[in-house]
2 protein chains.
Amino acid sequence: VSGAPHITRATVTPILIADPPLLNVLGVHQPWTPRLIVELETDDGAVGVGETYGDTEYLELASALAERVAGHPLTRLSQLMALAAQALDRAGEPAAEFDPAGLRGRRSDEKLVRSVVSAFEVAALDALGHITGQPVHALLGGKVRERVEYSGYLFYRWAEHPHGAGEAPADDWGAALDPDGVVRQAQRFADSYGFRSFKLKGGVFAPDEEIAAIKALAEAFPGYPLRLDPNGGWSVETSVRVAEELDGLLEYLEDPTPTVVGMAEVHRRTGVPLATNMCVTSFGEIPAAFSADAVQVVLSDHHYWGGLQATRELAAICRTFGVALSMHSNTHLGISLAAMTHVAAVVPELVYACDTHRPWQTEDVITRPHVFVDGALEVPDTPGLGVEVDRDALAALHERWLELGVRGRDDVAAMRVADSDWEQPTLPRF
Amino acid sequence: VSGAPHITRATVTPILIADPPLLNVLGVHQPWTPRLIVELETDDGAVGVGETYGDTEYLELASALAERVAGHPLTRLSQLMALAAQALDRAGEPAAEFDPAGLRGRRSDEKLVRSVVSAFEVAALDALGHITGQPVHALLGGKVRERVEYSGYLFYRWAEHPHGAGEAPADDWGAALDPDGVVRQAQRFADSYGFRSFKLKGGVFAPDEEIAAIKALAEAFPGYPLRLDPNGGWSVETSVRVAEELDGLLEYLEDPTPTVVGMAEVHRRTGVPLATNMCVTSFGEIPAAFSADAVQVVLSDHHYWGGLQATRELAAICRTFGVALSMHSNTHLGISLAAMTHVAAVVPELVYACDTHRPWQTEDVITRPHVFVDGALEVPDTPGLGVEVDRDALAALHERWLELGVRGRDDVAAMRVADSDWEQPTLPRF
């Protein structure tokens with residue numbers, strides 16, 4: 001065991017993964033979505049792996065950071081932020097204001113930096129775990145639970161992408177476009193994975209249809225915690241009406257309306273706990289939102305909060321201010337699912353089941369993809385993240401990235417393929 | 001390297017250390033003050049060491065926790081809090097409201113638990129560092145600096161304890177009871193340790209005398225950051241007057257007045273940054289104090305905040321709310337100084353030199369006591385904390401604890417030895 005392992009090389013591999021036609025307020029998921037796989041090699045011979053968003057600006061910054069980390073001590077995780085900030089050379093161009101692809105809240109250079117750093121930090125912790133023989137959770141203060149619960153993530157969806165695009169054949173989930181379809185989807189989630197709570201991605205249809213879907217779920221799964229997330233698709237008045245009509249049926253309502261002021265008013269008028277992964281997605285947004293009592297549950301995404309240590313810090317802030325913490329998910333693979341599981345295992349206050357898109361992905365880049373049992377994953381005690389890269393799978397998905405040329409995720413453009421009149425919706429939409 | 005080292009045994013050794021007659025708002029330091037040394041042994045054969053307060057209730061809880069940690073995984077640091085809370089069996093007796101010994105802010109069971117846990121957490125990190133070959137800072141996210149700066153901690157003091165009590169012979173610092181004495185003390189601190197900033201413990205004499213001392217320091221050490229800490233000894237009006245008279249001379253004023261409301265008013269009226277280790281000493285006190293803008297610098301004491309991970313969390317909270325962080329010190333030895341140095345090395349925002357009493361202690365329990373160079377300590381890269389217990393010294397100080405029977409620190413009682421009319425002052429005193 002060396003006292004100070006150093007990074008010798010960082011490799012960033014862009015990949016395209018198949019994604020089903022899941023609907024949301026902005027449009028629909030594309031047939032293919034980019035992700036980045038980051039591998040760090042060390043002078044101990046240990047390798048660590050991380051994963052993050054794959055749109056072009058993430059890839060560019062990750063590549064620039066990869067050039068800068070060689071020779072740096074593996075354990076100086078906080079230095080990654082500084083290196084990434086240096087690497088982000090925009091030559092004066094400000095970041096775009098809004099991210100049509102992401103539904104990831106306010107866009108900023110800081111969030112881009114953090115999203116990229118997260119993959120390097122996870123990879124560094126994985127490598128350090130291999131070097132020291134410790135699981136990542138032990139390097140984060142130690143697990144407080146043996147299993148991490150996840151929630152079944154329900155989507156309105158089509159059976160297949162327009163014009164049969166994407167993975168062939170399409171998955172066999174079929175369409176879900178009404179309450180019956182949503183309940184059928186939930187039943188399959190419950191049967192296949194044992195999920196014991198459900199989140200419905202809303203903002204797709206008129207609020208009354210989504211209210212009906214939640215009521216149908218409540219009837220089919222009595223006692224199951226339910227959540228509805230229209231991604232800021234509703235006005236304050238609509239949000240209040242939905243909250244009142246679903247009184248007692250929701251564990252929380254997620255991002256009903258797009259502004260902090262609006263969220264605060266909805267909570268004040270209804271008392272319903274509001275969760276967010278849109279109006280509070282960075283440390284700088286916390287003071288105003290918390291002092292306005294605009295959010296009662298922060299849904300952390302370790303990618304854009306800056307990694308696993310940063311997620312622990314967010315947890316401490318939430319604990320101190322009496323705000324709950326749970327976990328957001330965007331389309332991801334097993335490396336990020338492992339990272340989510342390790343950090344969720346060390347946060348005592350994480351009482352809500354975490355979100356994950358993972359069941360919607362038919363592919364992975366690890367040799368033993370995770371298996372949900374009773375809606376949960378075991379927290380592994382093997383060194384590092386406890387995953388091993390499937391080199392053939394990684395190579396194939398990278399080959400696809402080279403071939404297909406999809407370089408970003410844009411749910412608005414994907415919807416326009418089906419509906420040429422579709423415009424980027426102005427939020428609130430309903 | 002084992003994947004999951006377990007604690008096999010915890011040993012708590014109470015000791016008495018010599019302490020000079022340093023004056024403060026409540027009275028004077030006793031000739032002897034108790035500390036606890038915690039050693040954790042693991043099934044890997046590695047041993048880790050920690051240090052904390054030694055008054056009877058700390059000893060009792062530490063002993064009870066020591067009985068409970070055997071068999072637990074070394075890396076489940078967050079579990080220590082739960083085990084300590086279980087061990088604190090008060091049979092319904094509430095904690096005393098005020099701690100005459102400590103000047104450590106509001107007393108609570110939670111703070112007692114955290115103060116005890118901190119020694120176990122530091123010991124666990126030290127042991128994990130030995131097992132994994134990593135310095136403690138690497139287990140906390142990695143150092144961002146190579147040196148941690150400390151501040152020269154000036155005290156009004158007598159040459160020796162009343163009736164020649166305590167260490168014999170007394171140290172050779174002599175008395176410091178006026179501006180000249182304070183400047184002489186600072187000069188020796190600067191000459192011997194290279195400190196480049198000074199803090200004067202105030203609240204001892206009438207405010208005008210302490211104002212004169214700060215002005216004398218400013219004249220003798222032009223450009224040196226200066227701090228004055230009367231431990232809540234002043235009313236709001238006195239605080240405002242002192243702040244105005246020292247306008248431009250103080251880096252910050254520490255705990256001028258005892259309440260959050262008073263602190264907020266002093267800051268509002270004077271604009272002087274206020275530091276605290278009294279009105280914000282636990283996570284529960286943060287929201288009210290921060291929203292009132294009552295403190296601009298939190299002085300963390302890793303003992304009562306609950307350890308090094310907790311200090312990192314506090315740093316994240318402070319960063320998010322635009323409050324600075326620096327480090328408080330109570331009488332301590334080299335194990336805690338090492339822990340302070342490791343955590344200070346990983347907190348990017350720690351821009352103020354940390355406090356330390358360490359130069360006032362003539363004894364230590366480590367084989368190579370720290371040497372301040374240019375007022376700073378190097379951040380070590382050796383495994384763990386980078387200290388080794390001096391078993392003879394530890395045995396001798398424990399023997400003293402057995403012999404002398406001093407079981408708590410009580411600055412009020414110590415002052416009464418010199419002045420039989422001395423009563424516990426009601427704060428504010430001036």
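The values are calculated or read from the model by the stated rules, or taken from the named source; none is laboratory data. What you see is a predicted model, and the numbers here were worked out from it, not measured in a lab. Positions of Cβ are backbone-derived with ideal geometry, glycine not excepted, and every protein chain shown enters the neighbour counts. Ligands, DNA and RNA are stripped out before the accessible areas are found, and what is left, the full protein with its side chains, is counted by its heavy atoms. Shrake-Rupley method; radii C 1.70, N 1.55, O 1.52, S 1.80 Å.
Please give me the summed charge of the neighbours of residue A:42: other residues whose Cβ is under 12 Å from its Cβ, Lys and Arg +1, Asp and Glu -1. It would help to have the intermediate numbers written out before the result.
Values: positive: A:9; negative: A:39, A:41, A:43, A:44, A:126.
Combined, the nearby Lys, Arg, Asp and Glu give -4.
Magnitude of the Cβ-charge dipole of chain B, K/R +1 and D/E -1, about the Cα centre, nearest 20 debye? Intermediate values should be presented prior to the final figure.
Values: 34 positive and 61 negative charges, 171 e Å.
Taking the Cα centre of chain B as origin, the dipole is about 820 debye.
Would you list which lysines come within 24 Å of residue B:215, measuring only between C-alpha atoms, while excluding same-chain residues fewer than 8 positions from it?
B:199, B:201
Distances from residue A:225 to the same residue in each other copy, label points 7 Å out along Cα→Cβ, in nm, shortest first?
Ordered by distance, the counterparts are at 4.3 nm.
Determine the dipole magnitude for the stretch A:305-430: charges of +1 sit on the beta-carbon of Lys and Arg, -1 on that of Asp and Glu, nothing else is charged, the reference point is the Cα centre, and the result goes in debye to the nearest 20.
320 debye
Hey, could you get me the Stokes-Einstein D for chain B, Kirkwood radius over alpha-carbon pairs, 37 °C and 0.692 mPa s, rounded to whole µm² s⁻¹? Before the final figure, lay out the partial values.
Details: Rh = 21.7 Å.
The Stokes-Einstein estimate is 151 µm²/s.
One decimal, nm, shortest first: give the distances between the label point of residue A:396 and those of the same position in the other copies, each label point 7 Å from Cα along Cα→Cβ.
7.1
Once the piece of chain linking residue A:171 and residue A:187 is laid out straight, how much longer is it, given 0.36 nm per residue of separation minus the C-alpha distance between them?
This chain segment gains 4.1 nm when fully extended.
One decimal, nm, shortest first: give the distances between the label point of residue A:362 and those of the same position in the other copies, each label point 7 Å from Cα along Cα→Cβ.
Those separations, rounded to one decimal, come out as 8.0 nm.
Using the Karplus curve 6.51 cos²θ - 1.76 cosθ + 1.60 with θ = phi - 60°, work out ³J(HN,Hα) for each residue of the stretch A:182-195 in order, rounded to whole Hz, and write x for Gly and Pro.
Taking θ as phi minus 60°, the curve returns 5, 5, 4, 4, 4, 5, 5, 4, 5, 5, 7, 10, x, 4 Hz for the stretch A:182-195.
Which percent of Cα-Cα pairs in the stretch A:218-328 sits in each 5 Å bin, short to long?
Over the stretch A:218-328, the share of Cα pairs per 5 Å bin runs 2, 13, 24, 23, 18, 12, 6, 2, 0 percent.
At a probe radius of 1.4 Å, figure out the B/A buried accessible area, summed over both chains, and give it in Å² to the nearest 100. Kindly include the intermediate steps, with their values, before the conclusion.
Values: alone 15910 and 15900 Å², together 28900 Å².
Roughly 2900 Å².
So for the protein assembly as shown: antiparallel DSSP bridges make up what percent, rounded to the nearest 5?
Taking every DSSP beta bridge within the protein assembly as shown, about 55 percent pair in antiparallel fashion.
Give the distance, in whole Å, between the Cα centre of the stretch A:250-318 and the Cα centre of the stretch A:133-155.
21 Å
For the stretch B:321-338, what does the Karplus curve 6.51 cos²θ - 1.76 cosθ + 1.60, with θ = phi - 60°, yield as ³J(HN,Hα) per residue in whole Hz, taken in order and with x for Gly and Pro?
Per-residue couplings from phi come out as 9, x, 10, 7, 10, 9, 10, 7, 9, 10, 3, 7, 10, x, 5, 5, 5, 5 Hz.
Accessible area of residue A:178, 1.4 Å probe, to the nearest 10 Å²?
We get 70 Å² for residue A:178.
Using the reciprocal of the averaged 1/r over all distinct C-alpha pairs, how large is the Kirkwood radius of the stretch B:141-245 in Å?
15.2 Å
So the label point goes 7 Å from the Cα of residue B:362 along Cα→C-beta, right? Which residues of the stretch B:153-179 then have their backbone N under 13 Å from it?
B:159-161, B:164-174
How much of the accessible area of the stretch B:125-211, in percent, comes from carbon and sulfur atoms when a 1.4 Å probe is used?
49 percent
Lys and Arg at +1, Asp and Glu at -1: add these up for the other residues within a Cβ distance under 12 Å of residue B:294 and post the number.
My count for the surroundings of residue B:294 gives -3.
Nearest to the axis that maps chain A onto chain B: list the chain A residue whose Cβ wins, with the distance in whole angstrom.
A:132, 2
Starting from the Cα gyration tensor of the stretch B:296-430, take the square roots of the eigenvalues, sort them a ≥ b ≥ c, and report rounded, prolate or oblate (rounded when a/c is under 1.5, otherwise prolate if a/b is larger than b/c, else oblate).
oblate
List the residues whose amide H sits under 5 Å from the amide H of residue B:202, counting only those 5 or more places along or on another chain, with H placed 1.01 Å from N in the peptide plane.
Those lying under 5 Å, H to H, from residue B:202 are B:229, B:231.
By average Cβ neighbour count within 10 Å, what is the ranking of A:171-177, B:42-48, A:295-301, A:230-236 from highest down?
By packing density, highest mean first, the sequence is A:295-301, A:230-236, B:42-48, A:171-177.
Can you tell me the convex hull volume per residue for the protein assembly as shown, based on C-alpha atoms, in Å³ to the nearest whole number?
Taking the convex hull of the Cα positions in the protein assembly as shown, it is 164 Å³ per residue.
Based on the inverse mean of 1/r over its pairs of different Cα atoms, what is the Kirkwood hydrodynamic radius of the stretch B:295-367, in Å?
Evaluated on the stretch B:295-367, it is 12.6 Å.
Along the charge dipole of the stretch B:164-210, Cβ charges K/R +1 and D/E -1, which of B:173, B:195, B:185 sits furthest on the positive end?
Result: B:195.
Please name whichever of A:20, A:59, A:37 sits farthest to the positive end of the charge dipole of the stretch A:6-70, dipole taken about the Cα centre and charges placed at Cβ: Lys and Arg +1, Asp and Glu -1.
A:20
What net charge do the residues around residue A:119 carry, taking every other residue with its C-beta under 12 Å from that of residue A:119, with Lys and Arg at +1 and Asp and Glu at -1?
That sum, taken over residues with Cβ under 12 Å, equals -2.
Compute the separation of the alpha-carbon centres of the stretch A:355-387 and the stretch B:1-68 and state it in Å as a whole number.
41 Å
How much FRET efficiency would the formula 1/(1 + (r/R0)^6) give for residue A:404 and residue B:82, where r is the Cβ-Cβ distance and R0 is 56 Å, rounded to 0.05?
With R0 = 56 Å, the Cβ-Cβ based efficiency is 0.65.
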